[in-house]
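Right, one structure below, let's go through it.
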């Protein structure tokens, strides 16, 4: 799996079309479905997107929850019911559905943010505010990260 990293700003036209940044687009084109799956983030006014393999992982992970539980029902409703498969057009653009544009408060420009196996799409000023809050939270907690060992190191 390729790594989605970095930040890119692109314009949205009146029809909701936006060019996916080339480094991200190239990663998504490596799969059977030449496009991405997008759904609203429920914690923030932003959109999250992933490839089909990751969407299958989300669905399978939901099946690990107790059937008919509130967690299962809520997360399935939030993610799967609101996911949109968005194919690339010949120019590498996707058409963002109006419901996602409204959820993220997008108008004119959108910021693509790499998040490893996923990416997020933000209104640039909303992202800046969220990013600054995340930085402050991490600093106040003195957040650290335990790195996983490489497979070669485990042997």
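The values are calculated or read from the model by the stated rules, or taken from the named source; none is laboratory data. Everything numeric here is computed off the predicted structure, so don't read it as measured data. All Cβ positions, even for glycine, are placed from backbone atoms using ideal geometry, and neighbour counts span all protein chains on display.
Report whether or not residue 33 is modelled with pLDDT of 95 or more, closer than 24 Å to residue 104 by Cβ and part of a loop (DSSP other than H, G, I, E, B).
The answer is no for residue 33.
One residue alone among 71, 66 is outside any loop (DSSP other than H, G, I, E, B) and over 13 Å from the mean Cα position of the chain (by Cα), and that residue is 71.
Looking across the range 78-136, just one residue is assigned to a helix (DSSP H, G or I), within 19 Å of residue 54 (Cα to Cα) and in contact with a strand residue (DSSP E or B) (Cβ under 7 Å, 6 or more places away or on another chain), and that is 79. Apart from one condition, residue 67 fits all of (1) more than 18 Å from residue 55 (Cα to Cα); (2) exposed (fewer than 14 other Cβ atoms within 10 Å of the Cβ); (3) touching a residue at least 12 places away in the same chain (Cβ under 8 Å); the exception is (3).
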